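A.B. asks: Got a structure for you, questions after.
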Amino acid sequence: PERPTSQAKPRKRPRGGARFAGITEEAAEPPRPAPVAPAPAAAVRGARFAGVAEPAGEPAPSRPGPEEARAAGGAVARLHALRAQGRGGEAHVLLAELAGWPAPRLPLLAAELHRAGLEADWATLLWEVATLPPAGLVAAADALAAAGRGADARQLLRQGVARPAPEIADALHLLTGDGRERQARALAGAYLAVRSPEDAAGVARSDPDRLVPLLLDAARGVSEERHWDLVHAFRVAGVLA
């Protein structure tokens with residue numbers, strides 16, 4: 001065989017010194033396909049409501065950013081100044097206003113209030129949040145539990161279910177209708193933990209086909225005794241055969 005008349009030209013080194021050390025020209029080696037990262041498994045966030053995983057279609061809660069942190073710090077500073085000046089009425093008005101803030105800011109307010117030594121105002125703020133409509137109440141409890149404040153979340157739900165049965169029924173309808181089954185179970189469980197089985201029967205009466213299974217399932221999470229008490233109350237009320 002004939003020898004090649006010319007040799008392949010040596011590959012040029014890229015200019016630029018140490019910045020491109022070890023990098024060859026694009027033609028020197030074909031690019032390798034990037035490895036495909038495995039899809040992350042659906043993770044349970046925080047200590048939320050007995051560790052139930054999020055449904056695939058449920059959006060992740062928004063995380064508070066620097067602006068929210070500054071707003072929380074400023075609000076607590078104003079509250080501290082009002083307390084120092086003995087202006088308790090204005091302080092309570094401010095707490096009522098803070099209760100209507102977006103749910104992700106609530107853990108920030110809790111941290112700032114405890115840092116400022118205003119634990120009593122945190123308890124008052126929880127009472128104010130407990131008066132929100134049930135959907136807002138559950139969102140606030142969700143945010144607290146996701147931030148690792150599970151005890152505050154449970155206390156908030158217990159305070160929030162002290163309302164008439166028709167309001168609880170409406171809230172459960174709203175949550176289940178929106179596909180938020182986990183929040184519905186959390187609200188139902190909190191209701192069953194502090195209210196009587198007869199009260200729960202009043203909640204189920206508005207829509208037995210949907211609410212009876214939900215409440216019975218939540219009752220099992222409270223205790224086996226509460227589950228059977230609820231079965232008996234449902235049968236007496238005629239909402240369960």
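Read-outs throughout are calculated quantities, based only on the coordinates presented, and are distinct from any laboratory measurement. Everything numeric here is computed off the predicted structure, so don't read it as measured data. Every residue, glycine among them, receives a Cβ derived from its backbone with ideal geometry; neighbour counts consider all protein chains shown.
A.B. asks: What length, rounded to one decimal in nm, is gained on full extension from ASP209 through to ARG87, with 0.36 nm per residue of separation minus their alpha-carbon distance?
C.D. replies: 38.8 nm
A.B. asks: What FRET efficiency comes out for the pair TRP228/ALA116, r = Cβ-Cβ distance, R0 = 51 Å, nearest 0.05?
C.D. replies: Numbers: r = 47 Å, r/R0 = 0.92.
Rounded to the nearest 0.05, the efficiency is 0.60.
A.B. asks: Once the piece of chain linking ALA69 and ARG220 is laid out straight, how much longer is it, given 0.36 nm per residue of separation minus the C-alpha distance between them?
C.D. replies: On the way: separation 151, 0.36 × 151 = 54.36 nm, distance 3.87 nm.
So the chain would gain 50.5 nm between ALA69 and ARG220.
A.B. asks: Taking Rh as the Kirkwood radius computed over C-alpha pairs, what is the Stokes-Einstein D of the range 106-159 at 25 °C in a medium of viscosity 0.890 mPa s, expressed in µm² per second?
C.D. replies: Values: Rh = 10.9 Å.
This corresponds to a translational diffusion coefficient of 225 µm²/s.
A.B. asks: Mind listing the phi-derived Karplus ³J(HN,Hα) values for the range 78-93, rounded to whole Hz, using 6.51, -1.76 and 1.60 with θ = phi - 60°, and x for any glycine or proline?
C.D. replies: 5, 5, 4, 5, 5, 5, 5, 8, x, 9, x, x, 5, 5, 5, 4
A.B. asks: For the pair ASP178/SER196, report the inter-label distance in nm, with labels modelled 7 Å from Cα in the Cβ direction.
C.D. replies: Taking the simple label geometry, ASP178 and SER196 are separated by 3.2 nm.
A.B. asks: Based on the Kirkwood radius over alpha-carbon pairs, what value in µm²/s does the Stokes-Einstein equation return for the translational diffusion coefficient of the range 130-176 at 37 °C and 0.692 mPa s? Can you show the working numbers first?
C.D. replies: Values: Rh = 10.7 Å.
It comes out at roughly 307 µm²/s.
A.B. asks: Which whole-Hz couplings ³J(HN,Hα) result when phi for each residue of the range 200-215 is put into the Karplus expression 6.51 cos²θ - 1.76 cosθ + 1.60, θ = phi - 60°, listed in order with x for Gly and Pro?
C.D. replies: 5, 5, x, 5, 5, 4, 5, 7, x, 4, 8, 8, 4, x, 4, 5
A.B. asks: Further question on the same structure: What list of ³J(HN,Hα) couplings, whole Hz, do you get for the range 228-239 from phi and the Karplus terms 6.51, -1.76, 1.60, once you set θ to phi - 60° and write x for glycine and proline?
C.D. replies: In residue order, the calculated couplings are 6, 4, 5, 4, 5, 5, 5, 5, 5, 6, x, 9 Hz.
A.B. asks: Calculate, for ALA151 and GLU97, the FRET efficiency according to 1/(1 + (r/R0)^6) with r their C-beta to C-beta distance and R0 25 Å; round to the nearest 0.05. All intermediate terms of the calculation are to be shown ahead of the outcome.
C.D. replies: Working: r = 25 Å, r/R0 = 0.99.
The computed FRET efficiency comes out at 0.50.
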